[in-house]
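All remarks here apply to the structure that follows.
The values are calculated or read from the model by the stated rules, or taken from the named source; none is laboratory data. Just so we're clear, the structure is a prediction, and the values are computed from it rather than from any experiment. Note that we place each Cβ from the backbone using ideal geometry, even for glycine, and neighbour counts take in every protein chain shown.
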Amino acid sequence: MCLLPGLAAADIVWRGDFETGDRSQFSTTQMVSADRLQLVTSPVAEGKYALKATVKQGDDPINSSGNRNELVYLSREKVGSEYWYRWKVMFANDFPSVDAWQLFTQWHHDGCCGSPPVEFFVKGEVIRMTVNDSGTVWSTPLKRGVWHEFVFHAKWSPDPAVGFVELWHNGKQVLSKKKAKTMYAGQSSYLKLGLYRDDSIKPVGVVYHDGFIQATSRDDVFPVVQPEPEPVVDAGTPPQEPDPVVDAGSPVEPEPVVDAGTPQEPEPEVDAGTPTGGTVDPGPGTVPGGSQPDSAVKPLPLDEEGELYRGGCSASGGSLAVFSLLGLLGLMGSRRRRRS
């Protein structure tokens, strides 16, 4: 069990991630001065350190074509070997925009002359990858001030039926496996990174490199994918406490309903007659004064027009008319008694 960590890292062939704090991971340098290949702590893509590669016009440390400041790792890839590579690059915000080549990573051949079998470079506003006789096999717009992650898979061979390349950019595969002549016959290849450009370019160029790994396994260059966490099952909102029951007290018995009975018809109003001062009509069969008619009483006398004689109509004559009537009744009675 103690050997497991070592076995897990056994596929990493070489690291050039600058975490040693110096340039000792590389075989040699091609630079005009130490400030052109400087280790910095910011910006970094990972760990504590990254490489800042600077090129000014006229920088030519090896008296060759172009201007350069590069690190060299003599990896010596052999014919038929197959490797996975991962590294990260950032172009400074003021990186020159020119219609000329500016290499930032290359696998160079042992020979002295000619274009390298595999190279990554910028031209104008485009990042390109070219492979020997195949030309440009991938490109993408240049973005400054951000880290570009490259994962490169290659089988090294001068035979285009055997050799191949694959590429991932920022975690996405951008070039499927492509057959290609990845080496020159009779020569091996080695890695160079930094900045190498056409000597006609005048502005200062700055490129950052970090996290280079060479491995024989895909798993060593791709981040380990963590398993998805188990979904959290929502048990729902806990049941709410029921509202407290308020004791309204003992129920109150309703007041008994009293049956008032069938409503009585109101007593008829008694007409008290015409107010005092008016003429009172006692009605038929009624004797003025309120007494019941006497059977011995004779019919009342009539006036000249055949109407019952009532006496005066004035308010003052009302009582006198009654007395006059009574007087007449008495007189008539006496006359009848006399006749009889």
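Out of Gly47, Gly16, Gly58, report the one residue that is over 51 Å from the mean Cα position of the chain (by Cα) and not polar (S, T, N, Q).
Gly58
Of the numbered conditions (1) surrounded by 18 or more Cβ atoms within 10 Å (Cβ to Cβ); (2) within 22 Å of Lys78 (Cβ to Cβ), Phe150 fails exactly one; give the number of that condition.
With respect to (1) surrounded by 18 or more Cβ atoms within 10 Å (Cβ to Cβ); (2) within 22 Å of Lys78 (Cβ to Cβ), Phe150 is out only on (2).
Looking only at residues in the range 176-191 that are modelled with pLDDT of 95 or more and in contact with a Phe, Trp or Tyr (Cβ under 8 Å, 6 or more places away or on another chain), which one is surrounded by the most Cβ atoms within 10 Å (Cβ to Cβ)?
Going through the qualifying residues, I end up with Met183.
Within the range 164-191, take every residue that is of a type in the set (A, V, I, L, M, F, W, C) and in a strand (DSSP E or B) and give me the one that is nearest to Met90 (Cα to Cα).
If we take residues in the range 164-191 being of a type in the set (A, V, I, L, M, F, W, C) and in a strand (DSSP E or B), then Trp168 is nearest to Met90 (Cα to Cα).
Out of Phe150, Phe120, which single residue is under 26 Å from Gly47 (Cα atoms), in contact with a His (Cβ under 7 Å, 6 or more places away or on another chain) and among the aromatic types (Phe, Trp, Tyr)?
Testing whether each residue is under 26 Å from Gly47 (Cα atoms), in contact with a His (Cβ under 7 Å, 6 or more places away or on another chain) and among the aromatic types (Phe, Trp, Tyr) leaves just Phe150.
Can you pull out every residue in the range 61-89 that is in a strand (DSSP E or B), among the basic types (Lys, Arg) and over 19 Å from Tyr208 (Cβ atoms)?
Arg76
Go through the residues of the range 194-209 one by one and say whether even a single one is at pLDDT below 95 and either acidic (Asp, Glu) or exposed (fewer than 15 other Cβ atoms within 10 Å of the Cβ) (or both).
no
Could you check the range 90-129 and list, in sequence order, the residues that are farther than 22 Å from Gly211 by Cα and under 44 Å from the mean Cα position of the chain (by Cα)?
Those that are farther than 22 Å from Gly211 by Cα and under 44 Å from the mean Cα position of the chain (by Cα): Asp94, Pro96, Ser97, Val98, Lys123, Gly124, Glu125, Val126.
State all residues of the range 32-48 that are in contact with a Gly (Cβ under 8 Å, 6 or more places away or on another chain) and assigned to a loop (DSSP other than H, G, I, E, B); if no residue qualifies, say none.
Ala45, Glu46, Gly47, Lys48
How many residues are under 18 Å from Asn63 (Cα atoms) and not in a loop (DSSP other than H, G, I, E, B) if we restrict to the range 194-205?
Of the residues in that region, 4 qualify.
State yes or no: is Ser24 more than 24 Å from Thr182 (Cα to Cα) and over 45 Å from the mean Cα position of the chain (by Cα)?
In short, yes.
If you check Leu39, Leu51, which single one turns out to be in contact (Cβ under 8 Å) with a residue 60 or more places away in the chain and either under 30 Å from Asp11 (Cβ atoms) or surrounded by 17 or more Cβ atoms within 10 Å (Cβ to Cβ) (or both)?
Being in contact (Cβ under 8 Å) with a residue 60 or more places away in the chain and either under 30 Å from Asp11 (Cβ atoms) or surrounded by 17 or more Cβ atoms within 10 Å (Cβ to Cβ) (or both) holds for just one of Leu39, Leu51, which is Leu51.
I need a count of the residues in the range 146-163 that are assigned to a loop (DSSP other than H, G, I, E, B) and either without any contact (Cβ under 8 Å) to a residue 40 or more places away in the chain or among the β-branched types (Val, Ile, Thr) (or both).
Looking only at that region, the number is 6.
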